[in-house]
Amino acid sequence: MKQHLIGKQLKEIGYDDRIKLLSLVTGLTREYLADEYKRDDKHEDDLLLKYGYDVKVGELIEIIQDYTGQFPAPTLNNQQYEVVVSLKNNNGEVIEAKSGLQETYCDALYEIVKFLLNNNYIDLL
């Protein structure tokens, strides 16, 4: 079972969200990561490959728990994983974030984290 992201998956989110996610999982500051990213921009794929190994299942679970208050339990359907979490939107309404069916639990978790990042549920001070 896949335990971490593949570097190219990090390209699925915007630069600012990528830096935010990497800061959460590595503990490095956003400023440091942005500087390193700019310094190695000619080798972006290598850099993302390296950092993809840092984005593991455990870190994705922790992020989802921290920002939704729920454990992202998977459901299994025909050997594919789906994660669904409920959270309140900016209007106080309860909505569901769904990963859709994914080949691995790691990918299902990443779909939820991408949703949280893209919709500004994850905000670093």
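What follows draws every value from the coordinates through simple rules; no lab data is involved. Computed from a predicted model, the values in this text were never measured in an experiment. No Cβ is skipped: glycine too gets one built from the backbone with ideal geometry, and neighbour counts run over all protein chains shown.
Between the helical axis of 30-39 and the longest alpha-carbon principal axis of the chain there is an angle of about 50 degrees. Label-to-label distance for GLU44 and LYS88 is 3.8 nm, based on points extended 7 Å past Cα in the beta-carbon direction. Who wins for biggest fluctuation among LYS38, LYS50, LYS20 in a Gaussian network model of the chain, springs between alpha carbons below 10 Å? With Cα springs under 10 Å in the chain, the top fluctuation among LYS38, LYS50, LYS20 is at LYS38. A Cβ-based charge dipole, computed about the Cα centre of the chain with Lys and Arg at +1 and Asp and Glu at -1, lands at about 80 debye.
Modelled spin labels at GLN65 and ASN118, positioned 7 Å past Cα toward Cβ, are 2.6 nm from each other.
Using alpha carbons only, the radius of gyration of the stretch 50-120 set against its Kirkwood radius gives Rg/Rh = 0.97.
Please give the net charge around GLU31, taking every other residue with its beta carbon less than 13 angstrom from that of GLU31, where Lys and Arg add +1 and Asp and Glu add -1. With Lys, Arg at +1 and Asp, Glu at -1, the net is +1. Restriction of the GluC sites (Glu not before Pro) in the stretch 9-104 to DSSP coil positions whose beta-carbon has at most 11 other beta-carbons within 10 angstrom yields GLU93. Using the empirical formula 2.2 N^0.38 Å as the baseline, the Cα radius of gyration of the stretch 1-79 reaches a ratio of 1.19. Going by alpha carbons, how many degrees (0 to 90, nearest 10) lie between the helix axis of 15-26 and the longest principal axis of the chain? Its long axis makes an angle of about 80 degrees.
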